[in-house]
Each structure stands twice: as structure tokens, then as C-alpha cells.
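Following this message is one structure expressed as C-alpha cells.
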Amino acid sequence: MSTKMRDFEMNDTVLILAALVGIYALYLIAGSALGYSFRGQLNSLARLTFLIGVYGMLALALNLHWGYTGLFNIGIAGFMAVGLYTMAIVSKPAASATAGAATVSGLGLPLWVGILAGMLAAALLGLLVALPALRLRADYLAIVTIAMSEIVRFTVMSNKFQSVDVFGTNLGTGGGRGLLLNYDDPLQPLFDSAPYAALEDALTPLVGGSVGPMLDSLTYAVVLLGFVAAFYWLLKRTGESPFGRVLKAIREDEQVANSLGKDTDRFKIKSFMLGCALMGLAGILWQLRQGAITPTSFRPQVTFFVWLALIIGGAGSNTGSVLGAAVFAGLLFQGPLYLKNIIRQVYNVSGAPNTFADAVGPLFVGKIQPFVAYSINNINALQLVIMGVVLIWIMQRRPEGVLGHRKEEAASIPLSRPRGGGETTPQAAADGGERE
């Protein structure tokens, strides 16, 4: 590995760590301003870490599609749902004989089998979507993926598939009521270990009460960060491989890649399937410990959130994907809620109007307090508006993302001018082929 490449990796690591430290510091300061207890601070950090982990994995998976291969996938929520529901059906324990005919059962297989089955199901769905769509322009792939996502969402919410008898077993999606995940917590062996119990005992006096559920949530959030690191490593190795260099060549100019003898359709299908499998895994990890699946969680806005995270960081860069997810989760997703609480601590926002018209009307006579109070009280509803404004600003001012022009090149060697002094640079194939 060249010195320049090692410097880039070191700089990327420093950037990610600095962004995380900065965001966590802001939350600690905000929590102190709000008078949060130690328990409250840990709860907020656990929630923040969980969101960074989930959106970090999804942004990295999307970067494989869009940043590496140029595939416009806006059906992310659908692949997440397929992975999660498949895992639930495969690993959910069988219902007891006295539970009732309407109770949705499962195959009762080990959890790791269900996770692999969920990833495989998401990948196969990606294959079914990619086969017809990749023969058309990228716009059609976008239309097909969002249509698929909505078909999946309405299918799992349909009463027709709430409970279906399959060879004498009641399998199904649970319909609009969702699906209970009544299996053992996969991290329970860790929670029952002696070191974990000692840590819990040490934190109990600081919290002043039971610390178990809070510490469990924080631990799981840290585990998700480990999965983000695994995703990052996998996609980095993929991008540096001959397979990854072909993907980047397709992104730059598919006709040139075809002229070099590469079956671009086959490469795109493989890339799409791998990304969909990772999205399915992220969907599983998203709701693995929640005890139930909520079908309304897979609305199209989830896909919008992932795209916004990728755009903030910069498509084509794995480091940018992680940075964008951290900024999105910390500042745009959770940030408005903290801002609302801080403003309420400083200013009196009582007497807010009930309607938008009543809030806007006083502006024409120079009174802004009703509008400010209305905005603060309805900041949850305005969250998507804030995200849209930020997205427009980014696309106008910095469309390349936080990291700037850091898109990874398709070449396996530096494409700079040859060095002087008669030195020669070893020949290497920039299109993903083997060296001569």
C-alpha cells in the first residue's frame, strides 16, 4: 500500500472520530443545559449511537449502489422490510397449541439462520428487480425500486397475509398489527456475564436506580457501530478489488467498460444484490431488540433519510457515508428535538396558536412571537421541512458533500504524471483486469 493511500486512510479515520466526538460533545453540552441527569445523558447518547449505527450501515450499502455503480435505488425501505420479515418468519418460535388460530407462528429456526435467510431474501428480491430494470435507463430503475418498496409495504400490512396456513403452520406478516418477535435476546449471554454485571453495579449508584435496560440499549448501540465498521471494511475491500474497479468504471462510463470486454449487466446485478443484502441486514439489526415489527416503520421517508445522509457526506466515498450518517442522525434527525427543549428552557413559548394561519397573521403587524411559539411546538412536523431546506442548500452550495471531491477512482494505480529520472511505473489494469 502506498504512503499516500495510508495517509488518506489515517485522515479518514481522524475525520470520522472527530465528527463523532464533536456530535457527542454537543449532546452532552445540550443535556447539561437542559439539566439532564446522568441517566438522561446516557439515554440520549444511546439513542444517538443507535441512529448513527443504523443510518451508517444503510448509507454505506446505498453508496455501493449509487456511489460505486451509479444505480439509482430509492426502494431501500422495501429491502429492509423483506430482510426483517423473512428473519422473523424463519426464527420466530412456533406458537403454542392454546394460542389460538389467529396467532402467527414461525419456523423456530436459530436466529442466525433467520438473519442469513433475511439477507438472502433481500438479495433475491434485488435480483428480481434488477433483471428487467437494468436493461433500461437509470430513471426506470428508480421507478421500479420505489414501486417495489410500496408493494412490499402494502403486502406486509394486508390482512390477506396476516396469517396464512402453510402445511399446517400459521405463518404470515401479522398485517397492520405488526409481528411479535418472541425469541431470546441475542445479546443475553453478554448481559448475563460477570464483567457486564460488575459494570452495571458500578453505574447503579451514579444513576440512582436500575441501570439494566439503559445499559443494554447503549451496549446494543455500540454493537451497531461495530457493524458499521464491518460494513466499511467490506465495502472498502470490495472497492479495491478488481470487481470494485469494474463497478467504478461502469459508474464513470458504462460504454467504455463494455468496450473493454466487461459484462456490465452481470457486474451491476451482483452489486445490486450485495447492496440489497446489506440493506436487509441493516433492517434486521434496526428492530432486532424491539420485540415487535411495526409495518409503518418502512414508509418511503426512510429511503429519503438514507439518501440525505449519503448526500451530506458525499456519494462515492465510504468515509463520507459514515460522516453523513453521523451528521444526519445527530443534527437533522435528533437535533430539532434538542433545539426545541433548549428554546423552551430559555424562552417562554406558552400561548402558541393552534393553526398556521393564526401564527402567520401577526407577522404582518410585526409580531413574531406567535409564529416562533407555533414553530417550536410543531417542530416534529416541521422536521421534514428542515431536512428539505438543508438538502436544497447542499445541492446548491456543496453538491459533492462534506468531504468534497473524494470519489474513489476506478484505477488501481495513481493516474498522475509519470515520475522523472527515468523511473517507470509498473503496468496495472485500470479496468479491473489482471496485471499483464
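With respect to the numbered conditions (1) without any contact (Cβ under 8 Å) to a residue 40 or more places away in the chain; (2) surrounded by 17 or more Cβ atoms within 10 Å (Cβ to Cβ), which one is the sole condition not fulfilled by Leu274?
Failed condition: (1).
Sticking with this one: So how many residues does the range 107-122 have that are over 20 Å from Ser163 (Cβ atoms) and without any contact (Cβ under 8 Å) to a residue 40 or more places away in the chain?
Of the residues in the range 107-122, 4 are over 20 Å from Ser163 (Cβ atoms) and without any contact (Cβ under 8 Å) to a residue 40 or more places away in the chain.
Right, Thr155: among the polar types (S, T, N, Q) and under 30 Å from Lys268 (Cβ atoms) or not?
yes
Return yes when Ser271 is in contact with a Ser or Thr (Cβ under 9 Å, 6 or more places away or on another chain) and among the small types (Gly, Ala, Ser) and no when it is not.
In short, yes.
Collect the residues in the range 316-344 that are of a type in the set (Gly, Ala, Ser) and surrounded by fewer than 24 Cβ atoms within 10 Å (Cβ to Cβ), keeping them in residue-number order.
Correct list: Gly330, Gly335.
This table checks each residue for (1) closer than 20 Å to Leu281 by Cβ; (2) touching a residue at least 24 places away in the same chain (Cβ under 8 Å); (3) assigned to a helix (DSSP H, G or I).
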| residue | (1), (2), (3) |
| --- | --- |
| Met214 | no, yes, yes |
| Thr219 | yes, yes, yes |
| Leu225 | yes, yes, yes |
| Trp233 | yes, no, yes |
| Lys236 | yes, yes, yes |
| Val246 | no, yes, yes |
| Ala249 | no, yes, yes |
| Ala257 | no, yes, yes |
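May I pose another question? Within the range 275-296, can one find any residue that is over 29 Å from Gly174 (Cβ atoms) and small (Gly, Ala, Ser)?
No, the range 275-296 contains no residue that is over 29 Å from Gly174 (Cβ atoms) and small (Gly, Ala, Ser).
Still on this structure, I have one more. Please go through the range 316-355 and give me each residue that is within 30 Å of Leu235 (Cα to Cα) and small (Gly, Ala, Ser), ordered by number.
Result: Gly316, Ser317, Gly320, Ser321, Gly324, Ala325, Ala326, Ala329, Gly330, Gly335.
Could you grab me the full set of residues in the range 67-81 that are outside any helix (DSSP H, G or I) and buried (at least 24 other Cβ atoms within 10 Å of the Cβ)?
Thr69, Leu71, Asn73, Gly75
May I ask you to verify whether Ile269 is surrounded by 15 or more Cβ atoms within 10 Å (Cβ to Cβ), more than 24 Å from the chain's Cα centre (by Cα) and either among the β-branched types (Val, Ile, Thr) or in a helix (DSSP H, G or I) (or both)?
It is false that Ile269 is surrounded by 15 or more Cβ atoms within 10 Å (Cβ to Cβ), more than 24 Å from the chain's Cα centre (by Cα) and either among the β-branched types (Val, Ile, Thr) or in a helix (DSSP H, G or I) (or both).
Turning to a different aspect of this structure: Return the residues of the range 161-173 that are under 16 Å from Pro295 (Cα atoms) and part of a loop (DSSP other than H, G, I, E, B); say none if nothing qualifies.
Within the range 161-173, Gln162, Ser163, Gly172, Thr173 qualify.
Further question on the same structure: Applying the selection to the range 12-65, what residues are among the polar types (S, T, N, Q) and over 16 Å from Ser321 (Cα atoms)?
Within the range 12-65, Ser32, Ser37, Gln41, Asn43, Ser44 qualify.
Pick from Leu58, Leu64, Leu84, Leu15: which is in a helix (DSSP H, G or I), at pLDDT 90 or above and within 21 Å of Leu331 (Cα to Cα)?
Leu58
Search the range 125-146 for residues being aliphatic (A, V, I, L, M) and under 20 Å from the mean Cα position of the chain (by Cα), and hand back the single one that is modelled with the lowest pLDDT.
Among those residues, the one meeting the criterion is Ala142.
Select from the range 101-160 the residues that are among the β-branched types (Val, Ile, Thr) and either closer than 26 Å to Phe231 by Cβ or assigned to a loop (DSSP other than H, G, I, E, B) (or both) and list them in ascending order.
Answer for the range 101-160, where residues must be among the β-branched types (Val, Ile, Thr) and either closer than 26 Å to Phe231 by Cβ or assigned to a loop (DSSP other than H, G, I, E, B) (or both): Thr103, Val104, Val113, Ile115, Val129, Val144, Thr145, Ile146, Val152, Val156.
Can you tell me how many residues within the range 346-364 are part of a helix (DSSP H, G or I), modelled with pLDDT of 75 or more and either closer than 28 Å to Leu34 by Cα or of a type in the set (A, V, I, L, M, F, W, C) (or both)?
6
Does Leu332 qualify as being touching a residue at least 40 places away in the same chain (Cβ under 8 Å), outside any loop (DSSP other than H, G, I, E, B) and not basic (Lys, Arg)?
Here the answer is yes, as Leu332 does meet what is asked.
Which one is modelled with the highest pLDDT among residues in the range 379-413 that are touching a helix residue (DSSP H, G or I) at 6+ places or on another chain (Cβ under 9 Å) and loosely packed, with under 11 Cβ neighbours inside 10 Å?
Met395
Quick grid of which residues meet (1) closer than 30 Å to Ser44 by Cβ; (2) touching a helix residue (DSSP H, G or I) at 6+ places or on another chain (Cβ under 9 Å):
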| position | (1), (2) |
| --- | --- |
| Met119 | no, yes |
| Val156 | no, yes |
| Ser163 | no, yes |
| Asn170 | no, no |
| Leu190 | yes, yes |
| Gly208 | yes, yes |
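Let me ask something else about it. Scanning for something surrounded by fewer than 24 Cβ atoms within 10 Å (Cβ to Cβ) and modelled with pLDDT under 90, does the range 106-121 turn up at least one residue?
Looking through the range 106-121, at least one residue is surrounded by fewer than 24 Cβ atoms within 10 Å (Cβ to Cβ) and modelled with pLDDT under 90.
The values are calculated or read from the model by the stated rules, or taken from the named source; none is laboratory data. Bear in mind that the values here come from a model prediction, so they are computed numbers and not experimental data. So basically every Cβ, Gly included, is an ideal-geometry build from the backbone, and we count neighbours across all protein chains shown.
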